[in-house]
There are 4 protein chains.
Amino acid sequence: MPLPFITPLTPENLRQAGIPAPWAFGLQDQVRFGELDALAHVNNGAYLGWFENFRIHYFREYGVDEYRGVFPRIVLRQIGLEFLSEVRLHDIYIVTGRTVSFRRTSWAMEYAVWVDGVMTTKGSAVLVNLDQTGAKSALPPAWTAKFVERDGAVQA
Amino acid sequence: MPLPFITPLTPENLRQAGIPAPWAFGLQDQVRFGELDALAHVNNGAYLGWFENFRIHYFREYGVDEYRGVFPRIVLRQIGLEFLSEVRLHDIYIVTGRTVSFRRTSWAMEYAVWVDGVMTTKGSAVLVNLDQTGAKSALPPAWTAKFVERDGAVQA
Amino acid sequence: MPLPFITPLTPENLRQAGIPAPWAFGLQDQVRFGELDALAHVNNGAYLGWFENFRIHYFREYGVDEYRGVFPRIVLRQIGLEFLSEVRLHDIYIVTGRTVSFRRTSWAMEYAVWVDGVMTTKGSAVLVNLDQTGAKSALPPAWTAKFVERDGAVQA
Amino acid sequence: MPLPFITPLTPENLRQAGIPAPWAFGLQDQVRFGELDALAHVNNGAYLGWFENFRIHYFREYGVDEYRGVFPRIVLRQIGLEFLSEVRLHDIYIVTGRTVSFRRTSWAMEYAVWVDGVMTTKGSAVLVNLDQTGAKSALPPAWTAKFVERDGAVQA
């Protein structure tokens, strides 16, 4: 049944949409009325929701453990947002994200929002891997191998 | 560029998805992490957001004036939600909606959420048309004609 | 330390605020920027959030079990909202709620939002008590006694 | 009528709550159920909403122009969040914020969330002042004087 829905975009899809390398993974969606604030701008929290949703698909695609409420789990240590230009109601946008670098127990991701091939918003996050006791835990080599292979991430 | 995104579903799409007549218009989407509450259920407000988003597409498709912050405008008088079964993270759902009846200045809509052809949630709304002064105003015949033709709505 | 914060309002507080009997329990708060939609109205979902927050305080005060993600638990079967007049940014509002009637395994609540002693919004909910297996379960007499004593609820 | 509600906290209130200088302005509130995500943590967007709400009160208190959808207006250029420890349901928290530095047309704020006198979350923002044409515009001296006087801000 050919019902359309949100599907991760491949590097080829991204290039066709005017999004340059090294961005290798993306999701496409449309701005909803409920994501606007009283000034009719996309509210700050909505961007974080987009990046959060992106991470869930990215984790699955890259073989990283899912978000969980119990240990072992992955937690966010830092988040950043930088606003370059406005995103408007009904804009169709693409969220891209990639791991840029990793250390023993943490890694750094960058995100971007694109409308018509133009980057409107930048994001960043630092994520930490915790073990059953809640202590910092080394990233599995299977994860970091994917970060390197697919995203060109570097060991920091 | 064949990037998939949210597109209104036709009656044929809906029948293929196991959704019976008279539902004639729908939108498909996927439950996001950010729509869950602390009990890992889709929160009540998320359903209202889905119906709100549906109305915007429905209004456009049926030639009803857009939501606006200034008069003339359309306002919600009532909303109802009935929970039949749970909707879960990552569920792909379809929201359907139709106008079931109309009066001189107001009309009644029904909504439903479907997962795998099963209705999980029912919704309802009463909408009122206001003129430049904020007074109730007769529904344009072009709107009610569409409500009758496409949704089988009846004059109440 | 006299730091002010949200505290449940007593029947006496409510009467002073111009809210009539039989409303017996309330919470006061102020409309936040983030609760407005792009038309600068309080969005529908925000009202449901207010009532949800009210229920948590009400449950605690009336000795009803807390919201839980696991069985036994209380679930919402229906919610309704009726909009009487607008609530605006920075309005200080009071949410009141009471149980109006109960059956063997479920009960019906009514809610209202008040600004300057005027009811702006009405709400309703039907809640069901589920046991460890997820089956409907009789309401404990301690709950229904409180519903009768404090809210004047009737057996339906 | 002594109904309690959210009121800006003075430096004296903050010191009593164990929050050190130079924090000079704060708001107190309580974590709501609807601010939790499916892992029962306060979701990222909720923190941004707290800081946004803080800014509105801060702007009013410091004589900075209000948020507006039309020019002249103030826009956010950057936001950052750093998570130090968890904030939980029903925690009573204080949000503090201050301007740390300013340039000709922009200024930098820092925020913090405190529970029982412990800083749980840090935030930051860069704000830009735009004139009627949407161009960057010098900060009025009345604003920067307040930033210096009340917050100890420095010219960058």
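Quick check, is C:ALA112 within 15 Å of C:ASN53 (Cα to Cα), within 11 Å of another protein chain (Cβ to nearest Cβ) and modelled with pLDDT of 95 or more?
Values: within 15 Å of C:ASN53 (Cα to Cα): yes; within 11 Å of another protein chain (Cβ to nearest Cβ): no; modelled with pLDDT of 95 or more: yes.
No: the conditions fail for C:ALA112.
May I ask you to verify whether C:ILE79 is over 18 Å from B:LEU48 (Cβ atoms) and within 14 Å of chain B (Cβ to nearest Cβ)? Please lay out each step first, then the result.
On the way: over 18 Å from B:LEU48 (Cβ atoms): no; within 14 Å of chain B (Cβ to nearest Cβ): yes.
No; evaluated as a whole, the condition is false for this residue.
Quick one: which of B:GLY63, B:GLY80, B:GLY97 is within 20 Å of B:PRO140 (Cβ to Cβ) and modelled with pLDDT of 95 or more? Unique residue meeting the criteria: B:GLY97.
Scanning for something of a type in the set (D, E, K, R) and either in a loop (DSSP other than H, G, I, E, B) or out of contact with any strand residue (DSSP E or B) (no Cβ under 7 Å at 6 or more places or on another chain) (or both), does the stretch A:16-30 turn up at least one residue? Please lay out each step first, then the result.
Just the residues of the stretch A:16-30 that are of a type in the set (D, E, K, R), to begin with: A:29.
After this cut, where a residue has to be either in a loop (DSSP other than H, G, I, E, B) or out of contact with any strand residue (DSSP E or B) (no Cβ under 7 Å at 6 or more places or on another chain) (or both) as well, the list is none.
Within the stretch A:16-30 (the criterion being of a type in the set (D, E, K, R) and either in a loop (DSSP other than H, G, I, E, B) or out of contact with any strand residue (DSSP E or B) (no Cβ under 7 Å at 6 or more places or on another chain) (or both)), the answer is no, since none of the residues qualifies.
Would you mind stating whether C:ALA145 is part of a helix (DSSP H, G or I), over 23 Å from B:TYR111 (Cβ atoms), at pLDDT 95 or above and out of contact with any Phe, Trp or Tyr (no Cβ under 6 Å at 6 or more places or on another chain)? Give the derivation first.
Numbers: part of a helix (DSSP H, G or I): yes; over 23 Å from B:TYR111 (Cβ atoms): yes; at pLDDT 95 or above: yes; out of contact with any Phe, Trp or Tyr (no Cβ under 6 Å at 6 or more places or on another chain): yes.
So C:ALA145 fits the description; yes.
Quick one: count up the residues across the stretch A:99-145 that are of a type in the set (Lys, Arg) and in contact with an Asp or Glu (Cβ under 9 Å, 6 or more places away or on another chain).
Residues of the stretch A:99-145 of a type in the set (Lys, Arg): A:103-104, A:122, A:136.
Next cut, in contact with an Asp or Glu (Cβ under 9 Å, 6 or more places away or on another chain) only: A:122.
Residues meeting the conditions: 1.
Rundown of residues vs (1) closer than 30 Å to B:ASN43 by Cα; (2) touching a Cys at 6+ places or on another chain (Cβ under 9 Å); (3) among the hydroxyl-bearing types (Ser, Thr, Tyr), yes/no style:
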| position | (1), (2), (3) |
| --- | --- |
| D:ILE19 | no, no, no |
| D:GLN28 | yes, no, no |
| D:TYR62 | no, no, yes |
| D:GLN78 | yes, no, no |
| D:ILE94 | yes, no, no |
| D:THR99 | no, no, yes |
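Screening D:GLY134 on (1) within 11 Å of another protein chain (Cβ to nearest Cβ); (2) touching a Gly at 6+ places or on another chain (Cβ under 7 Å); (3) small (Gly, Ala, Ser); (4) surrounded by fewer than 18 Cβ atoms within 10 Å (Cβ to Cβ) shows it passes everything except condition (2). Among the residues of the stretch A:1-54, those identified as within 11 Å of chain D (Cβ to nearest Cβ) and either modelled with pLDDT under 90 or over 16 Å from A:ILE92 (Cβ atoms) (or both) are A:ASP37, A:ALA38, A:LEU39, A:ALA40, A:HIS41, A:ASN43, A:ASN44, A:GLY45, A:LEU48, A:GLY49, A:PHE51, A:GLU52.
The values are calculated or read from the model by the stated rules, or taken from the named source; none is laboratory data. From a predicted model like this one, the values you see are computed outputs, not experimental measurements. Note: ideal-geometry Cβ built from the backbone for every residue, glycine included; neighbour counts use all protein chains shown.
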